[in-house]
Each structure stands twice: as structure tokens, then as C-alpha cells.
Amino acid sequence: MTDVTPANAARIGIGGPVGSGKTALIERLIPVLQARGVDLAVITNDLVTKEDAERLRRSGLIDPSRVEAVEAGACPHTVIREDPTLNIAAGDALEDRFPGLQLLIFESGGDNLASTFSLDLVDWWIFVIDVAGGDDIPRKRGPGVLRCDLLVVNKVDLAPHVGVDLDGMLAEAGRVRGGKPVIATNARAGHGIDRVADAIGRAVLFAP
Ligand SMILES: Nc1nc2c(ncn2[C@@H]2O[C@H](COP(=O)(O)OP(=O)(O)OP(=O)(O)O)[C@@H](O)[C@H]2O)c(=O)[nH]1
Ligand SMILES: [Mg+2]
């Protein structure tokens, strides 16, 4: 358990390269967390659009007023790391609107392997990489892969199609992270999502 005062929602980040499956993971997590009684809201970051927020609002998975969008501009990492003011303000606005809020999920704009979250913004964060990006990604030791609290290796269903040795990739990810957690998912089909929800619960909410 982190030291989250009961009046405040826990704040978690979900970052990772463009198209790795961040929004797909959130779409899968929402019903699982809601079924566990978690009162949640989502803030998305896109470069110059509100594409992901609109997708979530239309999804029918969550009350659309619980989704906020931040337009990150040309440098998606700036608004989650160097100057997270816009995201902090969006989170505060959601907390004011929903006093019982327990969890705020921030999706970063798609970025590169160097992308990390400021701990002024989030208590804990996930980095999502994609099997189709290649099994050498963990070996490149990007700060996102190394420093995140949980590494999600998504699109495991694609491994046989792109010639990736999934077991080797997962083992290497565990090695470069010094044993910090790695979870394999298929966000399209919903595989591995319960484990991610368990990790969030253990880290910032309650024991699963
Ligand atoms: N095969 C497969 N496709 C997936 C999986 N997860 C996501 N996708 C697909 O990958 C594409 C990108 O997914 P998104 O969830 O939009 O990725 P994102 O990381 O939010 O993308 P940005 O926000 O644009 O950086 C979509 O076409 C998804 O359907 C998966 O586990 N397996
Ligand atoms: Mg997205």
C-alpha cells in the first residue's frame, strides 16, 4: 500500500509507444475494476486531438463525464514528466466532480521508450510494450521499460506471426528489470487483464 490519504484518489499512469495497446488495456481494465467496486475516472493524453477520450466516452464502458482529455502538444512526455500541471488540474477537476473517486488512470500520449511519468503526477505507473515491436525491445533498456512499476507486454497473440520468441522476450524483460513485475497480455481478447487489475489493487488500492 502506498501512502494515499483516504480523501484522495490514487493516481496511476499508463505509458508506452504509439499503438502498443494503452487504450485497449484501459478498455479491458474498466469493467474488471468496476466489478471489484472501484470508483474510477480516466484522463487521456493525445497530441492535438481528443481521440482516445472520445473513444472511451463512446465505448459505453464508463460514464462519459468520467473521462477527461489533455492535449499534450508535440511532446507527449512533457505533460506527464517535466510539467504535468495540465494533467494534475484535470485530475483535480475529476476529484471535485466525483468526491468518492478512488482511482484516476492517466493514459500518456504514445511516445518512445524513454517516456516516464513524474511521481508528482502519479503514485505508480505501467509501461505497455507490444510484442510486434520486436523481442529486442527489453534489451534496449529504455527508461520506460526499466523504471515503470509494472511492465505489460501486450499483443502476445501476435508473437507467432512476427517471429517473436515470447518466452525469451518475457525472461529478458524480467532480467533487465531486476525482477520487477512483467505481465503478458492480449488486450484484444482480454487475457492477462485480471493480473494487471490485481497489481493495481495491491499497489494503490487494497489487497486483491
Ligand atoms: N492483436 C492484438 N491487437 C491489439 C492488442 N491490443 C491492442 N491491439 C490493437 O492495436 C491497435 C492500437 O491499440 P490502442 O489501444 O489504440 O493503442 P494505444 O497504445 O492506446 O495507441 P496511442 O494512444 O495512439 O499511442 C488497435 O488496433 C488495437 O485493436 C492485442 O493484445 N492484440
Ligand atoms: Mg491510446
For Asp123, indicate whether it is of a type in the set (Asp, Glu), closer than 24 Å to Arg28 by Cα, touching a Pro at 6+ places or on another chain (Cβ under 6 Å) and open to solvent by 10 Å² or more (accessible area, probe 1.4 Å). no
Among the residues of the range 96-108, are any outside any helix (DSSP H, G or I) and of a type in the set (S, T, N, Q)? yes
Restricting attention to the range 151-205, the residues that are of a type in the set (A, V, I, L, M, F, W, C) and under 18 Å from the mean Cα position of the chain (by Cα) number exactly 18
Within the range 61-77, which residues are at pLDDT below 95 and farther than 18 Å from Lys22 by Cα? Gly73, Ala74
Examine the range 33-41 for a residue that is surrounded by 15 or more Cβ atoms within 10 Å (Cβ to Cβ), touching a Ser or Thr at 6+ places or on another chain (Cβ under 8 Å) and not small (Gly, Ala, Ser), and state whether such a residue exists. no
Can you find even one residue in the range 110-131 that is over 29 Å from Val176 (Cβ atoms) and either assigned to a helix (DSSP H, G or I) or among the polar types (S, T, N, Q) (or both)? no
Answer yes if at least one residue in the range 79-93 is within 13 Å of ligand 2 (Cβ to nearest atom) and touching a Ser or Thr at 6+ places or on another chain (Cβ under 7 Å), and no otherwise. no
If we ask which residues in the range 149-165 are open to solvent by less than 50 Å² (accessible area, probe 1.4 Å) and closer than 10 Å to Asp130 by Cα, their number turns out to be 5
In the set Leu113, Leu104, the lone residue that is buried (at least 22 other Cβ atoms within 10 Å of the Cβ) and under 24 Å from Asp130 (Cα atoms) is Leu104
I'd like to know if the range 51-68 contains one or more residues that are open to solvent by 10 Å² or more (accessible area, probe 1.4 Å), touching a residue at least 40 places away in the same chain (Cβ under 8 Å) and either among the aliphatic types (A, V, I, L, M) or within 14 Å of ligand 2 (Cβ to nearest atom) (or both). yes
Kindly check whether there is at least one residue in the range 79-92 that is touching a Pro at 6+ places or on another chain (Cβ under 6 Å) and surrounded by 15 or more Cβ atoms within 10 Å (Cβ to Cβ). no
Could you give every pair whose Cβ atoms fall below 6 Å, whose first residue belongs to the range 105-121 and is within 9 Å of Ile80 (Cα to Cα) and more than 15 Å from ligand 1 (Cβ to nearest atom), and whose second residue is among the aliphatic types (A, V, I, L, M) and in a loop (DSSP other than H, G, I, E, B), counting only separations of at least 6 or pairs across chains? none
Just need a number here: residues in the range 19-60 that are part of a loop (DSSP other than H, G, I, E, B) and at pLDDT below 95. 4
Tally up the residues in the range 171-204 that are in contact with a strand residue (DSSP E or B) (Cβ under 6 Å, 6 or more places away or on another chain), part of a helix (DSSP H, G or I) and either closer than 17 Å to Pro143 by Cα or not β-branched (Val, Ile, Thr) (or both), please. 5
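The values are calculated or read from the model by the stated rules, or taken from the named source; none is laboratory data. Quantities reported herein were computed from a predicted structural model and do not represent experimental measurements. Cβ coordinates were reconstructed from backbone atoms using ideal geometry, including for glycine residues, and neighbour counts include every protein chain displayed. When the accessible area is computed, the model is the full protein with side chains, heavy atoms only, and any ligands, DNA or RNA have been set aside. Shrake-Rupley method; radii C 1.70, N 1.55, O 1.52, S 1.80 Å.
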